[in-house]
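Down below is the structure, laid out as structure tokens.
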Amino acid sequence: MSSVITIDHVSKSYGTCNAVSDLTLSLHAGEILGFLGANGAGKTTTIKMLLGFFSPDSGQISLFGHNPSDASTRQRVGFMPETAYYYPYLNIRELLSFYGGLCGMSSSLIRQRSEDLIARTGLDHAKKRLLKTYSKGMLQRAGIAQALLHDPDLLILDEPFTGLDPLARIQLRDLILELKTKGKTILFSSHELSEAELMCDRVAIMKNGKLVLAKPVKEVVCDGNTNLERIFLNVLQAP
Amino acid sequence: MHTLRQLSALIRLSLYDLYRRKDLVIVTILAVVVLVPMSFATPFGIKGASRYLNEISLLLVWLFVLVIAMTRTARIIPTEIDSRTIYPLLAKPASRTVILLGRYAGVLIASLSVLLLFYGLYALINTMKSAFFPWEVFIQALLLHISFVILVTALALLGSLFFNSDANLSVSGILIAGMILYGQQLPVLAAEHSLPIRAILHILYWLAPHCELFDMRTRLIHHWPAIPWLACFCIFLYALAYAAFCFGIATWLFNRKKV
Amino acid sequence: MNFPLTITLLILPPCLLFSTSNLIENSSARCGYSVHPQQGQGDNLLDIIAGDTRTIIGNALLEKAEAYYHGGLTDHGDCSLVTAGEGHDHNHHEDERDSVQSSAWRDPWSYLNAQLQTKAHVHLDKAEELLPWYWAACEASPHNIQALEAAAYALAQMAEKPQAALQLLEKGIRDNPYNVTLELSRGEILIKHFKDFKNAETAFLAAYQKSLHEKASKDDILKAKALFYLGYITKHRNDLNALQQWQQIARETMSLDLLSIRNLLELN
């Protein structure tokens, strides 16, 4: 199985604070990885390095075997940020048209993909409204739509379930599982352990910048008496 | 093609920004509120004055275009960072250089569209009111004003990578106003001082943007003859070169900026 | 700072200043504040609030009017004149232009700036283009005597509207009751444009009396001018006794006779 994400002994510090220490992790094609950890564990820093926003102090990161800071590498990556504040004076169609343009998509393709994604994210009724009138949950849906617009092979979702109502959660979960069946690779960071348990092939738990657990979900919860939440708490509370 | 699509998307974003935020509507209403009552004014009961209206119109055009161009440019990067829209933006397959160029070009085109609109109205009203209109001077004034906007937006873009938008507006505003008022006095001032102030003033004279070179309002209002076209193009090229220099440094900084 | 706020901050203060000036002026005229020796009821709340700001704005507007008179040139002593005008020194700058060209490579900014400046200036003969600025200067600062005088001159001499000039001066006199200059200007217009010697005499007499007032300017030229015109009017109506009387006052107070005053001040 080919490796989509390869993180090899990566460290990153901000001043004296070690955000990520000696992280080694890989993600294979078609896999869903739940990237878990408490606040400040280093999840977002890792995701930012994966997207090439900045380079690690040491170690190497590659996406599809290429440097993530190359613009061409990001052609195959879709990203949804944790807190989504999109351009408030655009409507969802214009937002998707903008991001589609940035991905180099043609107008007709953008139109076609936009309509499909607007419908699938449940924003059909609000497609003419400016984003400044959207609720937080609606903005999350807009974020998902823009991340999927150019049909990326790798999807990186930072806290995708935040602010979503139960129905939207189920829709997003179904969407993610559908993408998996299409062979897409998905990495998402989350505090929603139940969602991770339901969807992920593997989980990686970070603590104080270090990877403390990286196992298939089936192995983690093989004992019928335990669940991911309990494992997570045990890992975090361990000295 | 790919890069052109990216640039086109970024430019459209700035145009939406300008027109949806209703900045243009606000400045147009302000201009109407100021100019319409003035156009009906008959000081001391005597009619026939037009130059003062032209002067105030052009002053408002300068002021509004400068404010729009500067505020829009100064906000490009800080707003993207503050609102976190920078993350999905940088995650797209566009290089940072293209993103900065597109955003800068967008703001520039938006500002220049306002400029062209106001100059068009100025020419229209003047040609309707008077048989004589100094077209050559008008075109030169327009060209130099466009050059000025190119220069100040590039300056504000560079400033936006050092300061937040308010500080950037203050610093750029002081620099631009200072150069308009005292740009040509710097060598005289330098001659009156000893080192190191003399050296500082000379460096400032050679490095700071010569914003005083772009204002042809007096020539336009008082129907002076046109300036030599060579001088006009030299000033235009100077603005382009200065803007390219600022943009080059801004790109270098933006490519190294941690977000 | 958001955009509308920026614009408001830039536009609002001058608009407020002009729009409220008359309102406050009228409502506070009865208060009788007096901060300047030559001013009367025109001293108002706005003067106290705005301080010298109105004077500065008034002077700036007056300078703008002067620039308009010189075809837009602010530095009008330094250029050659194309159209014949009145009493300016006009230097021709062909040699300097050559030297500017030769220094283009040494100092391109200065060279380009020189290209933008005009090489010659004209005198505007259309008074209506100056009047808005004079009007604004007088409105901004009702105690700006120079503005009032210049506006009255432009109205009477250039626009040939002496009646409007008189009205302006009368308002100026009300706002500056101890000012001698305005009375003199009013008298001159009455003589020159209306041949109204009777009212002119009243104006010059008022000018002379104000010149003796402790609050008036101590400029002897104004007093001398008033005396000359009073003598001129009495001579015009062949009142030799009164003429002698003014002659004597001139000798006593200024050690000059009226003829010397005329020669000295180059009066017609």
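Over all other residues within a Cβ to Cβ distance under 12 Å of C:N113, the charged ones net out to -3, with Lys and Arg as +1 and Asp and Glu as -1. Between B:L207 and B:R256, the C-beta separation translates, for a Förster distance of 25 Å, into a calculated FRET efficiency of about 0.65. Modelled this way, with points 7 Å down the Cα-to-C-beta line, the labels at A:D165 and A:D151 are 3.2 nm from one another.
Here's the picture: charge each Lys and Arg Cβ at +1 and each Asp and Glu Cβ at -1 in chain B, and of B:W206, B:T85, B:I139 the one pushed furthest to the positive end of that dipole is B:T85. 3J(HN,Hα) couplings calculated from phi for the range A:210-215 with the Karplus curve 6.51 cos²θ - 1.76 cosθ + 1.60 (θ = phi - 60°) are, in sequence order, 10, 7, 9, 7, 8, 8 Hz; Gly and Pro show x. When peptides A:86-99, C:124-137 are sorted by average Cβ neighbour count within 10 Å, with the highest value leading, the order is C:124-137, A:86-99.
To put it simply, the accessible area of the protein assembly as shown at a 1.4 Å probe is 58 percent carbon and sulfur. The string of couplings for the range B:41-50 from the Karplus curve (6.51, -1.76, 1.60, θ = phi - 60°) is 5, 10, x, 6, x, 10, 8, x, 7, 10 Hz, one whole number per residue in order, with x for Gly and Pro. Under 26 Å of direct C-alpha separation, and excluding same-chain neighbours fewer than eight residues apart, C:K225 reaches these lysines: C:K161, C:K171, C:K192, C:K195, C:K198, C:K210, C:K215, C:K235. If R0 is 22 Å, the Cβ-Cβ spacing of B:L124 and B:V36 corresponds to a FRET efficiency of close to 0.90. When peptides C:183-191, B:182-190, B:29-37 are sorted by average Cβ neighbour count within 10 Å, with the highest value leading, the order is C:183-191, B:182-190, B:29-37.
DSSP beta bridges fully contained in the range A:3-237 are about 50 percent antiparallel. Counting Lys and Arg as +1 and Asp and Glu as -1 over every other residue whose Cβ lies under 13 Å from the Cβ of A:L167, the net charge comes to +1.
Would you tell me the mean number of C-beta atoms belonging to other protein chains that fall within 10 Å of each C-beta in A:129-141, as a whole number? Neighbouring Cβ atoms belonging to other protein chains average 0 per residue here. Summing Cβ point charges (Lys, Arg +1; Asp, Glu -1) relative to the Cα centre of chain B gives a dipole of roughly 780 debye. With the charge dipole of the range A:3-237 set up from +1 on Lys and Arg Cβ and -1 on Asp and Glu Cβ about the Cα centre, the Cα lying farthest toward the positive end among the listed residues A:A41, A:C200, A:Q171 is that of A:Q171. Against chain B, whose longest principal axis comes from its Cα atoms, helix B:23-40 is set at around 10 degrees. Over all other residues within a Cβ to Cβ distance under 12 Å of A:Q75, the charged ones net out to 0, with Lys and Arg as +1 and Asp and Glu as -1. Helix B:135-160 versus the longest principal axis of chain B: what angle, 0 to 90°, nearest 10, using Cα atoms? The answer is roughly 30 degrees. Once the Cα atoms are used to define both axes, helix B:96-129 deviates from the longest principal axis of chain B by about 10 degrees. Residue-wise HN-Hα couplings along the range A:197-206, as the Karplus relation 6.51 cos²θ - 1.76 cosθ + 1.60 with θ = phi - 60° gives them from phi, are 4, 6, 9, 7, 7, 9, 10, 10, 10, 9 Hz; Gly and Pro carry x. In the range B:58-143, the C-alpha radius of gyration followed by the widest Cα-Cα span (Dmax) gives 17.8, 57 angstrom. For the range B:130-259, what percent of Cα pairs sit more than 24 Å apart? Result: 41 percent of Cα pairs exceed 24 Å. A dipole drawn for the range A:3-237 from +1 and -1 charges on Cβ atoms has a positive end, and of A:S55, A:G78, A:S114 the residue lying farthest that way is A:S114. Candidate cross-link partners of B:K129 among the lysines, defined by an alpha-carbon separation under 22 Å and a same-chain spacing of 8 or more, comprise B:K47, C:K126.
Take each peptide in C:152-165, C:221-234, A:103-116, count the other Cβ atoms within 10 Å of every residue, and average; sorted highest first, the result is C:221-234, C:152-165, A:103-116. Note on C:104-112: average number of Cβ atoms from other chains within 10 Å of each residue's Cβ is 5. In terms of its alpha-carbon gyration tensor, chain B comes out oblate; a/c meets the 1.5 threshold, while b/c is at least as large as a/b.
For the protein assembly as shown, the Cβ-based charge dipole about the Cα centre amounts to some 2300 debye (Lys, Arg positive; Asp, Glu negative; other atoms uncharged).
The Cα-based radius of gyration and maximum Cα-Cα distance (Dmax) for the protein assembly as shown are 37.0, 133 Å.
The values are calculated or read from the model by the stated rules, or taken from the named source; none is laboratory data. In this text the structure is predicted, and so the values were computed from the model without any measurement. Ideal geometry is used to build each Cβ from the backbone, glycine not excepted, and the neighbour counts take in all protein chains shown. To get the accessible areas, we keep the full protein, side chains included, count just its heavy atoms, and leave off ligands, DNA and RNA. Shrake-Rupley method; radii C 1.70, N 1.55, O 1.52, S 1.80 Å.
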